[in-house]
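Novice: Sending over a structure as structure tokens; questions will come in a sec.
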């Protein structure tokens, strides 16, 4: 096989995998937003970014402003979706939340939730974990 052609095939295959993974994640975030709305949360932002930091969903209740990390998996064979929220990811979400609170002068109490979604051809399971982590100062 021609080396250039092989590189092109690898590039196309990799890009297709990335696109499918991104679409899968976007579907999970859509399901999470719908879940929150059904449970009386008001969605303030989706995919909110500040510099290199991002929060999947920012929502609120009468009491809290909630920064949600959504993890979508097709299987929990290796680890559950919530186990994939590493300490570094938590730190980045907390940093982003701090910027959001300062920018919008938020006075409500802050909460960090994880929404874990197992999504495959047979079913969809949504687990909402309120107050999943907090800053450790």
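Novice: Where the centre of each part is set by its Cα atoms, how far does the stretch 41-89 sit from the stretch 103-137, in angstrom?
Specialist: Computed from Cα coordinates, the inter-centre distance equals 5 Å.
Novice: Per the Kirkwood formula on distinct C-alpha pairs, the Rh of the chain is how many angstrom?
Specialist: 16.4
Novice: Can I ask one more? Under the definition of Cα pairs under 8 Å and six or more residues apart, what whole-number percent is the relative contact order of the chain?
Specialist: 20
Novice: Provide the packing ranking of 24-30, 109-115, i.e. peptides ordered by the mean count of other C-beta atoms within 10 Å per residue, highest first.
Specialist: Put in order of decreasing packing, that is 109-115, 24-30.
Novice: Of all DSSP beta bridges in the chain, what percent run antiparallel (nearest 5)?
Specialist: Antiparallel bridges: around 65 percent, rounded to the nearest 5.
Novice: Relative to the compact-globule scaling 2.2 N^0.38 Å, provide the ratio for the alpha-carbon radius of gyration of the stretch 26-92.
Specialist: 1.17
Novice: Helix 3-38 sits at what angle to the longest principal axis of the chain, using alpha carbons and giving 0 to 90 degrees rounded to 10?
Specialist: With both axes taken from Cα atoms, the answer is about 30 degrees.
Novice: Once Rh for the stretch 87-137 is found with the Kirkwood sum over Cα pairs, what is the Stokes-Einstein diffusion coefficient at 25 °C and 0.890 mPa s, in µm²/s?
Specialist: Estimated diffusion coefficient is 192 µm²/s.
Novice: Please compute the contact order of the stretch 60-137 in relative form: average sequence separation of alpha-carbon pairs under 8 Å and at least six residues apart, divided by the residue count, as a percent.
Specialist: 39
Novice: By how many degrees, 0 to 90 and rounded to 10, does the Cα axis of helix 87-104 deviate from the longest principal axis of the chain?
Specialist: Compared with the principal axis, the helix lies near 50 degrees.
Novice: How large is the helix-only mean residue ellipticity at 222 nm for the chain, computed as the sum of -39500 (n - 2.57) over DSSP H runs with n ≥ 4, divided by its residue count, in deg cm²/dmol to the nearest 500?
Specialist: -14000 deg cm²/dmol
Read-outs: derived from the displayed coordinates by stated rules, not from any lab. Just so you know, these numbers come straight off a predicted model, no measurement behind them. In this analysis, Cβ positions are derived from the backbone assuming ideal geometry, glycine residues included, and neighbour counts consider all displayed protein chains.
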